[in-house]
């Protein structure tokens with residue numbers, strides 16, 4: 001049996017769904033700049049005041065008052081305010097912890113095409129929080145988010161394909177979406193892509209590529225560093241060096257993509 005047919009890891013690594021919280025959108029600069037010389041609408045003013053209070057910018061941080069301003073803007077159809085209000089309900093910040101309210105406001109933002117809201121609504125369906133546990137609905141919202149290149153949406157859609165939840169299991173599709181998410185800088189997807197290479201899922205087992213993606217993910221995830229060090233025990237020094245070189249190239253590509261440069 002050749003080395004290529006052996007697992008890179010000496011112990012079985014089980015891939016688990018990675019449903020990560022999406023940080024509250026910080027759109028203060030973008031929103032203020034986008035107003036230009038025109039007087040901002042009342043909804044925009046309420047949203048910006050909410051952001052100011054939520055982030056403690058020039059004032060004492062106050063989620064409860066931020067929620068009131070977000071609600072005022074959200075009721076006027078302000079999509080970013082709808083997202084931020086949903087996030088406060090999901091995490092119990094300044095308001096009672098209420099997944100149903102979170103789902104309500106994520107849905108309103110998602111229906112307006114907000115990718116992060118689409119992903120988060122998918123997470124609620126996948127976990128049965130605030131809405132019925134329906135994997136098919138989770139896939140629907142993940143797919144919409146992924147179509148807008150949302151990294152978490154792409155990653156979560158890939159995991160649904162990997163596990164066969166809400167759709168037919170398809171390792172090729174799983175690999176495609178997880179790789180796209182990884183190349184967009186999402187550490188969870190980078191770790192899971194490494195695991196796919198290590199376990200030979202959808203691709204031939206490849207220690208070098210597994211190490212490469214574990215190393216990149218390790219910039220943000222401690223567990224990835226541990227897996228990288230574990231896999232290194234099964235590799236030759238020249239393979240490790242090749243993997244490190246690939247990792248640096250990939251880091252540069254990911255950074256350039258994030259910054260819109262080549």
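Read-outs throughout are calculated quantities, based only on the coordinates presented, and are distinct from any laboratory measurement. Owing to the predicted nature of the structure, the values given are computational and were not obtained by experimental measurement. Backbone-built Cβ (ideal geometry, glycine too); neighbour counts: all protein chains shown.
The table below gives the values:
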{"quantity": "Search result, residues across the range 126-142 that are within 15 Å of residue 101 (Cα to Cα), touching a helix residue (DSSP H, G or I) at 6+ places or on another chain (Cβ under 8 Å) and surrounded by fewer than 17 Cβ atoms within 10 Å (Cβ to Cβ)", "calculated": "129, 132"}
{"quantity": "Selected residue (criterion: nearest to the chain's Cα centre (by Cα)) from residues of the range 231-241 that are within 19 Å of residue 196 (Cα to Cα) and assigned to a helix (DSSP H, G or I)", "calculated": "231"}
{"quantity": "Whichever residue in the range 53-62 is surrounded by fewer than 18 Cβ atoms within 10 Å (Cβ to Cβ) and in contact (Cβ under 8 Å) with a residue 12 or more places away in the chain and, among such residues, is nearest to residue 89 (Cα to Cα)", "calculated": "62"}
{"quantity": "Which listed residue is under 29 Å from residue 41 (Cα atoms) and in a helix (DSSP H, G or I), from 110, 174", "calculated": "110"}
{"quantity": "Filter pass, residue 50 being surrounded by 20 or more Cβ atoms within 10 Å (Cβ to Cβ), over 20 Å from residue 145 (Cβ atoms) and free of Cβ contacts under 8 Å to residues at least 40 places away in the same chain", "calculated": "yes"}
{"quantity": "Candidate set from the range 210-223 (those that are surrounded by fewer than 22 Cβ atoms within 10 Å (Cβ to Cβ) and in contact (Cβ under 8 Å) with a residue 12 or more places away in the chain); member that is farthest from residue 185 (Cα to Cα)", "calculated": "223"}
{"quantity": "Residue that is surrounded by the fewest Cβ atoms within 10 Å (Cβ to Cβ) [pool: residues in the range 82-121 that are within 24 Å of residue 56 (Cβ to Cβ) and free of Cβ contacts under 8 Å to residues at least 12 places away in the same chain]", "calculated": "96"}
{"quantity": "Any hit, the range 189-208, residues being closer than 27 Å to residue 114 by Cβ and surrounded by fewer than 17 Cβ atoms within 10 Å (Cβ to Cβ)", "calculated": "no"}
{"quantity": "Some residue of the range 193-201 being closer than 27 Å to residue 132 by Cβ and either assigned to a helix (DSSP H, G or I) or in contact (Cβ under 8 Å) with a residue 60 or more places away in the chain (or both)", "calculated": "no"}
{"quantity": "Residue 149 vs. criteria out of contact with any strand residue (DSSP E or B) (no Cβ under 9 Å at 6 or more places or on another chain), closer than 25 Å to residue 106 by Cα and in contact (Cβ under 8 Å) with a residue 40 or more places away in the chain", "calculated": "no"}
{"quantity": "Answer residue from the range 224-234, given it is free of Cβ contacts under 8 Å to residues at least 40 places away in the same chain and in contact with a helix residue (DSSP H, G or I) (Cβ under 7 Å, 6 or more places away or on another chain) and is surrounded by the fewest Cβ atoms within 10 Å (Cβ to Cβ) among those", "calculated": "232"}
